[in-house]
Every structure is written in C-alpha cells, then in structure tokens.
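Participant: Before I ask anything, here is the structure I am working with.
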Amino acid sequence: TPVPFISDVACRVAYKNKIPFVLTYHAGSMKKNRFFLDIFIWVYENILIKKTLKEVKKIICSSDFVRLNFLRNFSTKTITINPGVDTKKFKPKKTKFKNRILFIGNFTEEYKWKGLDYLIKAIKISKDLKLTVVGEGTKQKIKNIEFKGIKKGKELIKEIQNCNILVLPSISEAESFGMVLIEAMACKKPVIGSNIGGIPYVIENGKNGLLVPPKDSQALAEAIIKIL
C-alpha cells in the first residue's frame, strides 16, 4: 500500500482470522494537489488507513522518509528496508551521446506529480540540451525532446547507460524513494532530484547528486548545466 482498499480488506480478513499481517508501505501522502481527489485521499488517510495500520503486526517502509514522516505515529512497529538494484544488470557503460538528459516515469494526467512539465521547461532554457522521456503518456512533438514510450528490462538499462544525466523532478511527497535514482547510480550516471519526499534520503546534495527545489525549472536547468 498505499493502494486504497486492497490491503485494507486483506488486513481485515487476517485480523478476523488471527493471522499475523505484515504491510509494506511505499509512499508518503498520496495527495496530488488536485482538490476533489485530495478530499477523498484525506478521508482515506485519516480514517481507513489508520485503522489498518493499527491492526497490522509490522510495517515495512521503503525509506526512512516514510517511516519518520507519514508513519511517525507507528514507530513501534515500523522498519525501513530500502529497495535494491541488481548491479550485475545495472552497470556502467560508456556512451557516445552528449548532453543527453533522461526522465523515466509515467507522465499521464495521474502522474503529473512526477514533474515532467518543469523538466521540459528547463530543457528549453538551453538549446544544447536533449531530453529523452521513457514511460507511459501522450507523445508530443517538441524540439530536442524524444518520447520513447515504455521500456523494460535490457531496453530500460540501455536507456540509462546511454544518458549523461538522469533527472527526477517530482513535485509531490508521493515520491517516497526514487528507484530510478539508484538504478542510474549503479550505472555511474549523475543524478538530479527535487528536494521533496524521499529523494533527499537518497541524494546527498553535492556528494552523490544534486537537489533542487520542486517546481523550479530555472534551478533544474542550472543543475544540469553545472554537471555537464
């Protein structure tokens, strides 16, 4: 979770039958800065999910951000187990490309919080930058931007190996970790992320990547240019 209702129903069944229930929680608040949707999310997070969290035996958090923030009131039963990367698959490889920026993530209306719009604005600030977008969403015709659709397995790894920088410009605390960041790190690629949610728990600014304020296209452009 958080996937509303599925884990809640499973928890009720387990609780009724006295079966120990372990829950993995992999996000902060689900709020998306969309008024009517956020009303529903507020009700779910403040009533139903809290009842579920009280009944579970143990809660596994995807990052310390989740454990220390959204689930801070359940600290007696939480533990952090970060996601991992198979470094036999995600490994360094030289690329012939230059100034190639990579974004990985869905960019449908539901995933606007991934911040692609702000990255596109950042790319337009400098004529020399080229952006590759990998994920589900409507392809557009924009100069210096290539939409490649969904990539998995070896094709996804190749996209990371062929980039110069990976950027995760999320604008919501729903970004509780950022798998693409450690996948890029495993391939020895520089990373840039928004200073929000779980991203600062993965990126230590100036040491293993750069952090920028969310929704700040100018700061994104400057960070990209700095690394290049």
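The values are calculated or read from the model by the stated rules, or taken from the named source; none is laboratory data. Only a predicted model underlies this, so the values are computations on that prediction, with no experimental measurement involved. Cβ: placed from backbone, ideal geometry, glycine included. Neighbour counts: every protein chain shown. Surface areas here come from the heavy atoms of the whole protein model, side chains and all, with no ligands, DNA or RNA. Shrake-Rupley method; radii C 1.70, N 1.55, O 1.52, S 1.80 Å.
Participant: First obtain the Kirkwood hydrodynamic radius of region 123-228 from its Cα pairs, then insert it into the Stokes-Einstein equation at 10 °C and 1.306 mPa s, and state the resulting D in µm² per second as a whole number.
Facilitator: It comes out at roughly 111 µm²/s.
Participant: Next question. As a check on your grasp of the helix formula, calculate [θ] at 222 nm for the chain: sum -39500 (n - 2.57) over DSSP H runs of n ≥ 4, divide by the residue count, round to the nearest 500.
Facilitator: -8000 deg cm²/dmol
Participant: Okay, moving on. Build a GNM of the chain with springs between Cα atoms under 10 Å: which of I203, I182, I81 gets the top mean-square fluctuation?
Facilitator: So, out of I203, I182, I81, the one fluctuating most is I81.
Participant: Also, I was wondering about something else. Specify which labelled value, from (i) 8, 30, 33, 20, 8, 1, 0; (ii) 8, 31, 32, 17, 9, 3, 1; (iii) 7, 29, 38, 23, 3, agrees with P(r) over Cα pairs in 10 Å bins from 0, in percent derived from the coordinates of the model shown.
Facilitator: (i)
Participant: So, one more: How much of the DSSP beta bridge set in the chain is antiparallel, as a percent to the nearest 5?
Facilitator: Around 5 percent of the beta bridges assigned by DSSP in the chain are antiparallel ones.
Participant: Against the longest principal axis of the chain, how steep is helix 116-125, in degrees 0 to 90 to the nearest 10, with axes from Cα atoms?
Facilitator: It is inclined by approximately 20 degrees.
Participant: Something else: Please calculate the 1.4 Å probe accessible area of T76, with all protein chains present, and give it to the nearest 10 Å².
Facilitator: Probe radius 1.4 Å; accessible area of T76 about 130 Å².
Participant: How large is the translational diffusion coefficient of region 60-111 in µm² per second when you combine the Kirkwood radius over alpha carbon pairs with Stokes-Einstein at 4 °C and 1.567 mPa s?
Facilitator: After rounding, the answer is 87 µm²/s.
Participant: If each Cα of region 90-169 is one equal point scatterer, what is log10 of I(q)/I(0) from the Debye formula at q = 0.23 Å⁻¹?
Facilitator: Result of the Debye calculation: -1.15.
Participant: I need the phi-derived Karplus couplings for region 73-90: 6.51 cos²θ - 1.76 cosθ + 1.60, θ = phi - 60°, integer Hz, Gly and Pro marked x.
Facilitator: Working through the residues one at a time gives 7, 10, 4, 6, 10, 9, 8, 9, 10, 5, x, x, 10, 7, 6, 7, 9, 8 Hz.
Participant: Right, another one. Using Cα-Cα distances under 8 Å and only pairs 6 or more residues apart, what relative contact order does region 1-159 have, in percent?
Facilitator: The normalised contact order for region 1-159 reaches 16 percent.
Participant: List the trypsin sites (Lys or Arg not before Pro) in region 137-207 that DSSP assigns to loop (not H, G, I, E or B) and whose Cβ has at most 13 other Cβ atoms within 10 Å. Which are they?
Facilitator: Listed in order of number, the matching sites are K139, K141, K143, K152, K188, K207.
Participant: Further, regarding this structure: Can you give the translational diffusion coefficient of region 26-148 in µm²/s, computed by Stokes-Einstein from the Kirkwood radius over Cα pairs at 20 °C and 1.002 mPa s?
Facilitator: The estimated diffusion coefficient comes to 120 µm²/s.
Participant: In Å and from the alpha-carbon atoms only, list the Rg and Dmax of region 1-98.
Facilitator: Over region 1-98's Cα set, Rg and Dmax evaluate to 17.3, 59 Å.
Participant: Sort 87-98, 20-31, 58-69 by packing, meaning the average of other beta carbons within 10 Å per residue, with the highest value first.
Facilitator: Taking the mean over residues of other Cβ atoms within 10 Å, the ranking is 58-69, 20-31, 87-98.
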